[in-house]
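Report on the structure given below.
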Amino acid sequence: MPWQDGTLTADDVAAHVDAPVDARMTLATDTARAWGQRRRSITEPLTLWSDPLAHDGGVRYAGLLWRSKAAPVGFASYEPQDATDYTEFARASDHVGRDPVIA
């Protein structure tokens, strides 16, 4: 399985969206990796992307970014546009999760 090596790659996203890897997909994947690593800043990236749910969330988020037709260069953020997008975005957010709050 692709998540077992602890990476999140454009090839993983390409398989999810059933499209060839292109520059926009690579950028979306890089952005999704950064997004996941910000949400889980105390989790090592290798550990984060080895978790099958987190990996799935990163792939879903990158797929949303790639599909977004109006996304600006750099994909600074993604806002869901309809119910399908919201469900996919919510699932991606839930799967990646957040670091626990440490008091």
In the range 1-30, the residues that are hydroxyl-bearing (S, T, Y) and more than 11 Å from the chain's Cα centre (by Cα): T7, T26
Long-range neighbours under 9 Å by Cβ, at least six apart or interchain, first residue without any contact (Cβ under 8 Å) to a residue 24 or more places away in the chain within the range 51-69, second of a type outside the set (S, T, Y) and part of a helix (DSSP H, G or I): S68/A28; S68/D85
Pairs, first more than 13 Å from T26 (Cβ to Cβ) and at pLDDT below 95 in the range 1-13, second of a type in the set (S, T, N, Q) and exposed (fewer than 15 other Cβ atoms within 10 Å of the Cβ), C-beta under 9 Å, six or more apart: G6/T47
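The values are calculated or read from the model by the stated rules, or taken from the named source; none is laboratory data. Computed from a prediction, not measured in an experiment: that's the story for all the values here. A quick note on method: Cβ atoms are made from the backbone with ideal geometry, for glycine too, and the neighbour counts reach across all protein chains shown.
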